[in-house]
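Report on the structure given below.
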Amino acid sequence: MKVRVDPERCQGHTLCAMRAPKVFELSEIDGHSSPVTEDVPADQEDAVVEAVRSCPERAISVF
Amino acid sequence: MTTAPDDTGDEARKQPRVHFDRHAPEYRHHFEEKTQEFHGGCPLAWSDTYGGHWVAAGNRELLAFARAGEKLSNDHDVHGERRGYQGISIPAPPRGRGLRGGFLEMDPPEQRAYRGALNPYLSPAAIKRWIPFIDEVTRACLDERIESGRIDFVDDLANIVPAVFTLAMMGIPLKKWELYNEPAHAGVYTPPNSPEMARVVEAHMAMIKDIAATLQEVRATPRPGLADALARMEIDGKAPADSDLIGALALLIGGGFDTTTALTAHALEWLSEHPAERERLSREREALLDTATEEFLRYFTPAPGDGRTVAEDCEISGKQFKEGDRLWLSWAMANRDPAVFADPDRVDLARGGNRHTAFGLGIHRCIGSNVARAVFKRMLLHVLDRVPDFVCDPEGTVHYETIGVIQGMRHLPATFTPGRRLGPGLAETLETLQRACDEQGLAEPVTVRKAEAKLR
């Protein structure tokens, strides 16, 4: 599984990092999210799917 | 939902019709029924109230508006210098109440400049540094009441902690919290025709005067905080007008005070009514604190919505809009959208996929969302640890009569088994905390100071 955060859509709601803190890091400046790496570790896949479902802006995609 | 008699011409596009008056006291009592009516077939409808405006109640529709970019405007053209738009309140405040609501009543690029200046004070990393400060104010508030076995969770806790913390971040002396607290709350819940209103207006004027004085002070003698960030900011090499800066500081007060109070009071009232859930939340807090917080935000949505003005003729979400149309984005109703939330009128402390809109959507997402979450969670944990058996008194509980602006509470008295104080009272604590703010520069942005507040 790979994950992306659309920087145009992300508004820094921070829900993804609550659901999958090992996968998403938040900017120190404005809290906007980006994945630590595009490849999702196998043991983090469920958490990432939950992060996708939790994003109010629908900014996260997995493929 | 009805079809209007006049379905020709411009009226034809203003369909379907609903009667929507969120300022009426009945709306609070019939919120769930009314919301179900919207979701039953008109998630985007026209209401004739307040000069006529669209009402968006569906999650999908709100997301479409959030992505509509320049087709929508937040601008409040107080002096009639641009297109006369009326900002985010429906109805707009009476003429002469001449302040723009800060950057929430601005569009990019101006709005972006403000957010850019303030973000480094309000990001998750910035707020995390303040946790010991928030804990200490909360501790002192509970200590004031803990030996008596009685507390008003609004007056004695949830009104105080957000107020003191907001002032600390702004760089305003903590001892002034009452000067700001009265107008920030009473200004929201006092009906315009009430005999109390004259006093509230006076308190509001005193607050605005102090904000203006603060701006002058930090210019003359810089001290860290949000006020300093605004005093130093420039847009295209020019300082914004003082009236806009005062509006921005008033927005931070309005955003920081009454909203978190409202969330905390409602959550504590609910937990008192559901003691088994309260015990479960306390016991399983590692797993449940985040999801429960988001669920309370979804279910109670303290700031129920925002207005917009359509800035060009366009189609959004399948409807035709004309430039100048007014639009109400109901974050509160979208948070009960059954298309997104299973069993939406039930509180589920472990709810998954909770992509609620309590902080809004798009570029105007509540800039204080990380503040609200942190302050709420710390107050909740202290209450669960120190007065775990609290029972709220429905007889003494006072909800806001109307929920058009904030779904809040005036009083939430409770009793509990008395406990022991852990430290000094509020006045002494605020003096200690003020020294910490001054000596450690706690209100610096995270780009300048990384360290957590040291209070012991």
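Values in this text are rule-based calculations from the coordinates and carry no lab data. All figures in this text were calculated on a predicted structure; none of them were measured in a lab. Here the Cβ is made from the backbone with ideal geometry for all residues, glycine too, and neighbour counts use every protein chain on show.
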Magnitude of the Cβ-charge dipole of the protein assembly as shown, K/R +1 and D/E -1, about the Cα centre, nearest 20 debye? 800
Tensor-based shape of the protein assembly as shown (alpha-carbon gyration tensor, a/c under 1.5 rounded, otherwise prolate or oblate): rounded
Could you compute the net charge surrounding residue A:58? Neighbours are other residues with a C-beta less than 15 Å from the C-beta of residue A:58; K and R count +1, D and E count -1. +2
Could you work out how much longer the chain between residue B:450 and residue B:420 gets when fully extended? Use 0.36 nm per residue separation minus the Cα distance between them, nm to one decimal. 7.4 nm
From DSSP H assignment alone, runs of 4+ in chain B each adding -39500 (n - 2.57), the sum over residues rounded to the nearest 500 puts [θ] at 222 nm at -14000 deg cm²/dmol
Per 5 Å bin, what percent of the C-alpha pairs of the range A:3-62 does each bin hold, from zero upward? 4, 24, 37, 24, 9, 2
Hey, which aspartates and glutamates would be in cross-link range of residue B:454, C-alpha to C-alpha under 13 Å, not counting anything within fewer than 8 residues on its own chain? B:135, B:136, B:438, B:439
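Quick one: net charge around residue A:32, please, counting Lys, Arg +1 and Asp, Glu -1 for every other residue with C-beta under 12 Å from its C-beta.
Result for the local shell: -3.
Taking the beta-carbon count within 10 Å as an exposure proxy, list A:13, B:364 from fewest neighbours to most.
Numbers: A:13 28, B:364 23.
Placing the least packed residue first, the sequence is B:364, A:13.
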Compute the separation of the alpha-carbon centres of the range B:327-342 and the range A:11-31 and state it in Å as a whole number. 24
So, with +1 on the Cβ of K and R and -1 on the Cβ of D and E, and no other charges, what is the size of the charge dipole of chain B about its Cα centre, to the nearest 20 debye? 1160
Angle, helix A:45-54 long axis vs. longest principal axis of chain A, Cα atoms, 0 to 90°, nearest 10? 30
Which of B:274, B:411, B:117, positive extreme of dipole for chain B (C-beta unit charges): B:117
Note on the protein assembly as shown, DSSP bridge orientation, antiparallel percent to nearest 5 equals 85
Quick check: net charge around residue A:9, other residues with Cβ under 10 Å of its Cβ, Lys/Arg +1 and Asp/Glu -1? -1
Of A:50, A:28, A:38, the one that fluctuates the most in a GNM where chain A has Cα springs shorter than 10 Å: A:28
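Identify the GluC sites (Glu not before Pro) of the range B:126-170 meeting these criteria: DSSP loop state and at most 14 other C-beta atoms within 10 Å of the C-beta.
Sparse-neighbourhood loop GluC sites (Glu not before Pro): B:147.
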Looking at B:62, B:90, B:132, which one has the Cα that reaches farthest to the positive end of the dipole of the range B:25-165 (charges on Cβ: Lys, Arg +1; Asp, Glu -1)? B:62
Defining a contact as two alpha carbons under 8 Å apart and six or more residues distant in sequence, what relative contact order in percent does chain B show? 26
Sorted by Cβ density within 10 Å, fewest first, the residues B:323, B:395, B:277: B:395, B:323, B:277
Distances longer than 34 Å among the Cα atoms of chain B: what percent of all pairs is that? 33
Within the range B:9-440, how many lysine pairs that are 8 or more places apart, or on different chains, have C-alpha atoms less than 21 Å apart? 9
Axial C-alpha extent at least 27 Å, average Kyte-Doolittle at least 0.0 - helices from chain B (DSSP): B:197-220
